[in-house]
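Computed from the coordinates by the stated procedures, all read-outs in this text should not be read as laboratory data. In this text the structure is predicted, and so the values were computed from the model without any measurement. In this analysis, Cβ positions are derived from the backbone assuming ideal geometry, glycine residues included, and neighbour counts consider all displayed protein chains.
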There are 2 protein chains.
Amino acid sequence: MPVSPAYRGEVTDDSADAQPRVPARRGRPGYGREEVLDVAVRVFTEQGYDATSIADLSKELGLTKSALYHHFASKEQLLALALERALSGLEGALERAIEEQATAADRLRAAVRGAIEVLTSQQSYVTLLLRLRGNSPVELDALDRRRRFDQRIAGLVREAQAEGRIRDDIDAGTVARLVFGMINSLVEWYRPGGAIDPVLLADDVLAVALDGLRPR
Amino acid sequence: MPVSPAYRGEVTDDSADAQPRVPARRGRPGYGREEVLDVAVRVFTEQGYDATSIADLSKELGLTKSALYHHFASKEQLLALALERALSGLEGALERAIEEQATAADRLRAAVRGAIEVLTSQQSYVTLLLRLRGNSPVELDALDRRRRFDQRIAGLVREAQAEGRIRDDIDAGTVARLVFGMINSLVEWYRPGGAIDPVLLADDVLAVALDGLRPR
DNA sequence: GTCTATAGAATGATAGAC
DNA sequence: GTCTATCATTCTATAGAC
């Protein structure tokens, strides 16, 4: 079912003297780039990128196909923008973790929490990233950037092993892949607004990864 | 690049008096249902099911499209057969685990090992199953069957918690999803014939899941 | 009048059915 | 191999808010 576009003129602020959060938009009201991208990414993750046609998106938005092309140059550009958002979110969380923590083990822990935060708050975008098959240059680029992210995580694991705060009888790359495999699998079943709090979920993930399932 | 079809007549056995492993096939030599399915599943997992056309498959096999339709009624039937194989493999491993082990904790451990064994030996088939989006009745059926499998695993976790052999401060469903999320993520990077032995890999997975990453 | 969002019709390419 | 539906995309023109 089509979603009604939000008219920018209706966006108001509670405080009387506040500046508008978004600069007033002139011209005919309707969807903006942001809203179209959000819907597109949601449909992409529901049906798959390849299986989704521009016609599908226009039906979902209640627009014609040509109206969509006013917002985006191509279907592939929609994908590229979505992947950029997912990757910059994850990379940003990793950089904050490195900045704010002193030891590799603490950085790793913070990186896990950060990744789960990004994954739960931008679920559709991250899901899209995780399902890439590398069928186009855009996808290959994103996959490569993701590979570099994974390598930075593996580096953290290696340092934490050297610190003696992570067991070193398992290869660092394997540890990184297993832990992030567990994290990434959250996109398959976590539902925003559901019963599960993202922070408590991160607690559970860290509990399993660090302490294991054996009873205390 | 096309793969040469194996002529059944060339399949021999080392021992002189052995029965042929496969009954001799009459008629024009060429691909059998099995070989076509194998190639199709590999291409599906490489490019994605939706992104793969029948023309892609025929190019890969060096056959015409009509020759392919001699082996299969539809693209969807190829998918259905592949999913059946993946699901029966996983279900079989679970049933063996339940049969051969006495306690829930041991059954769970054996189920983890069995799932990893199936995943590594039938990687393409399991990968296809894990990437389903539910876009057709065939996919919905498979997703439902997979959901029942997951519920049986969660049941094992619950029993193992009741036995006191698995920590019970984390919800059983969550534990099952996290552990199998970790296992399923293996399809993303495990490569058959590579440096990593599947049995040792299962050791690592169980080590992380049961004992965690903290040093001994 | 200016700016933005949207429509409608048409094109070339390709995939899947038969 | 042929046929037809569907796909992504483009062009030109209009509608509505300031």
Practice task
Place a +1 charge on the Cβ of each Lys and Arg in the stretch A:17-155 and a -1 charge on the Cβ of each Asp and Glu, then give the dipole magnitude about the Cα centre in debye, rounded to the nearest 20.
Solution key: 180
Exercise for the section: Could you work out how far the C-alpha centroid of the stretch B:183-213 sits from that of the stretch B:49-69, in angstrom? Expected result: 34
Practice task
Pick out, from B:Ser74, B:Leu201, B:Leu156, the residue whose Cα sits farthest towards the positive end of the charge dipole of the protein assembly as shown, with +1 on the Cβ of Lys and Arg and -1 on the Cβ of Asp and Glu.
Solution key: B:Ser74
Exercise for the section: Find every distance from the label point of B:Ser121 to the corresponding label point in the other copies (7 Å from Cα along Cα→Cβ) and write them in nm, one decimal, shortest first. Expected result: 4.6
Exercise for the section: Hey, could you grab the Kirkwood Rh for the stretch B:145-216? Inverse mean 1/r over distinct alpha carbon pairs, Å, one decimal. Expected result: 13.6
Practice task
Could you tell me whether the protein assembly as shown comes out rounded, prolate or oblate from its Cα gyration tensor? Rule is a ≥ b ≥ c as square roots of the eigenvalues, rounded for a/c under 1.5, then prolate if a/b exceeds b/c, otherwise oblate.
Solution key: oblate
Fill in the blank from the handout: Two pseudo-spin positions, 7 Å from Cα along C-beta at B:Tyr69 and at B:Glu99, lie apart in nanometres by 4.2
Problem - Label 7 Å beyond Cα on the Cβ vector: B:Ile98 copy-to-copy distances, nm - result: 4.8
Practice task
Under 1.5 on a/c is rounded, so check that first for the stretch B:50-104, then, if it is not, pick prolate when a/b is larger than b/c and oblate when it is not; a ≥ b ≥ c are the square roots of the alpha carbon gyration tensor eigenvalues.
Solution key: prolate
Exercise for the section: Calculate the spin-label point distance for B:Asp150 paired with A:Glu76, positioning each point 7 Å from the Cα along the beta-carbon direction, and give it in nanometres. Expected result: 3.4
Problem - Gyration tensor (alpha-carbon) shape descriptor, the stretch B:35-182, a/c threshold 1.5 - result: prolate
Handout entry: Computed [θ] at 222 nm, deg cm²/dmol, chain A (DSSP H ≥ 4; -39,500 (n - 2.57); rounded to nearest 500)
Key = -20500 deg cm²/dmol
Exercise for the section: Please determine, in degrees from 0 to 90 and to the nearest 10, the orientation of helix B:198-211 with respect to the longest principal axis defined by the Cα atoms of chain B, where the helix direction is its Cα long axis. Expected result: 20
Completion exercise
Per residue convex hull volume, Cα only, the stretch A:33-72, in Å³ is 56
